[in-house]
Amino acid sequence: MRDQLVEAFLAADGPISGEELSHRLGLSRTAVWKQVKALEQVGFEFEASPRVGYRAIRIPDELMAPLVRPHLPPECLLGSPILWAASRASTNDTALELAAKGLPHGGVVTAGEQTGGRGRRDRAWASPRGGMWFTVFVRNPCALRHAPDLTLLAALGVCRALRVEGVPAQIKWPNDLLLNGKKIGGILAQIRAEGELVDHAVIGIGLNANFSIEALPADIRHRATTILHEMGTPIHRAKVLARILTQLDALYRDLQDGRGFQAVHAEWTALCSTVGQEVEVAMGEERLRGIARSIEPDGSLVLETSPGVTRTVVSGEVLFSAREQV
């Protein structure tokens with residue numbers, strides 16, 4: 001109902017009477033008024049005139065279906081439906097709950113804010129208003145052996161979309177997004193497998209977009225930032241989400257056809273800030289120090305631990321400084 005109301009205001013050339021909205025939505029005039037008030041609570045502004053109706057004078061840049069879909073190409077299979085809420089504990093948790101109820105391939109769960117967002121190792125992830133918090137749901141995306149490709153490809157899709165918008169994002173192996181050397185985003189994929197196939201997966205993506213760096217916890221500001229802080233201007237979040245979904249749709253279709261990470265290995269490596277850096281990699285309780293020499297065609301990291309001695313790391317977390325280990 002909320003999306004239908006927003007669509008009505010987007011399509012209107014002028015004010016819309018309460019009577020017309022009541023007829024379109026099948027609601028009473030009082031119910032329409034309540035829906036308008038609910039939209040005002042999330043940043044919409046309306047001008048109301050007796051016997052004339054309502055006119056939208058401000059439409060916020062939220063990740064709502066009516067605001068995202070106009071930017072999606074018709075052939076994109078991701079983004080139907082887009083399910084927005086002003087606040088969620090976790091978009092991944094919501095997507096997993098909806099998956100059990102038949103959420104179709106391509107469904108996207110979005111939120112104005114997250115109160116229980118999390119990253120790798122179940123760390124808390126600050127998710128205030130103004131960011132981009134969303135989860136993409138995919139069914140039967142790949143064979144189980146290619147499950148790591150889901151996050152690797154998601155990182156590339158986000159990076160591509162941001163760069164089209166003029167944001168020179170880079171990838172920190174395996175699936176973080178950096179801007180000017182600081183973290184602006186992360187990806188958390190959760191899968192359900194049946195035998196040798198991935199039955200479905202939720203790919204949670206969080207981007208520190210249009211909010212002040214002061215909204216981040218003070219203890220992480222030395223290594224995390226926001227797009228607004230670094231670029232000085234906000235991004236059009238609805239348009240960027242559409243760009244990301246378009247990129248992911250193409251990448252995941254290729255993955256289903258057997259053309260996964262290997263097909264984009266060179267591009268991914270060129271965008272990876274980790275290669276050539278002296279790093280520490282956390283693998284559970286184990287720590288490895290060395291120079292990141294290359295990314296293998298399967299997505300693993302080759303680490304030179306001492307001159308002429310290398311070790312291939314399939315899964316882990318790169319730590320660039322001792323402070324990041326705390």
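Checked across region 276-294, the condition of being of a type in the set (A, V, I, L, M, F, W, C) and not in a strand (DSSP E or B) holds for no residue.
Could you grab me the full set of residues in region 295-309 that are among the hydrophobic types (A, V, I, L, M, F, W, C) and either part of a loop (DSSP other than H, G, I, E, B) or surrounded by 12 or more Cβ atoms within 10 Å (Cβ to Cβ) (or both)? If you could, list the steps in order and put the result at the bottom.
First, the residues of region 295-309 that are among the hydrophobic types (A, V, I, L, M, F, W, C): 295, 301-303, 309.
Hits for region 295-309 are Ile295, Leu301, Val302, Leu303.
Has region 127-134 got any residue that is in contact with a strand residue (DSSP E or B) (Cβ under 6 Å, 6 or more places away or on another chain), farther than 29 Å from Ala266 by Cα, open to solvent by 40 Å² or more (accessible area, probe 1.4 Å) and among the charged types (D, E, K, R)? Checking region 127-134: at least one residue is in contact with a strand residue (DSSP E or B) (Cβ under 6 Å, 6 or more places away or on another chain), farther than 29 Å from Ala266 by Cα, open to solvent by 40 Å² or more (accessible area, probe 1.4 Å) and among the charged types (D, E, K, R). Could you look through region 1-15, keep only residues that are touching a residue at least 12 places away in the same chain (Cβ under 8 Å) and part of a loop (DSSP other than H, G, I, E, B), and pick out the one that is surrounded by the fewest Cβ atoms within 10 Å (Cβ to Cβ)? Here the residue is Gly14. Considering every residue within region 206-227, establish whether at least one is surrounded by 20 or more Cβ atoms within 10 Å (Cβ to Cβ) and in a helix (DSSP H, G or I). There is at least one residue in region 206-227 that is surrounded by 20 or more Cβ atoms within 10 Å (Cβ to Cβ) and in a helix (DSSP H, G or I). For residues in region 134-175 being in a helix (DSSP H, G or I) and of a type in the set (Lys, Arg), which is farthest from Gly299 (Cα to Cα)? Filtering first and then ranking leaves Arg163. Restricting attention to region 16-45, and to residues there that are in contact with a Ser or Thr (Cβ under 9 Å, 6 or more places away or on another chain) and either open to solvent by less than 70 Å² (accessible area, probe 1.4 Å) or at pLDDT 95 or above (or both), which single residue is farthest from Pro60 (Cα to Cα)? Looking at residues that are in contact with a Ser or Thr (Cβ under 9 Å, 6 or more places away or on another chain) and either open to solvent by less than 70 Å² (accessible area, probe 1.4 Å) or at pLDDT 95 or above (or both), I get Ser28. Close Cβ contacts (under 9 Å, 6 or more residues apart or on different chains) running from residues in region 154-166 that are open to solvent by less than 10 Å² (accessible area, probe 1.4 Å) to residues that are among the basic types (Lys, Arg) comprise Ala155/Lys172; Gly157/Arg243; Ala161/Arg243; Leu162/Arg243. Does at least one position in region 50-73 carry a residue that is part of a helix (DSSP H, G or I) and in contact with a Pro (Cβ under 9 Å, 6 or more places away or on another chain)? Checked region 50-73: at least one residue is part of a helix (DSSP H, G or I) and in contact with a Pro (Cβ under 9 Å, 6 or more places away or on another chain).
The values are calculated or read from the model by the stated rules, or taken from the named source; none is laboratory data. Not measured: the values here are computed from a predicted model. Quick reminder, even Gly has a Cβ in these numbers, built from the backbone with ideal geometry, and neighbours come from all protein chains shown. For accessibility, only protein heavy atoms count, side chains too; no ligands or nucleic acids. Shrake-Rupley method; radii C 1.70, N 1.55, O 1.52, S 1.80 Å.
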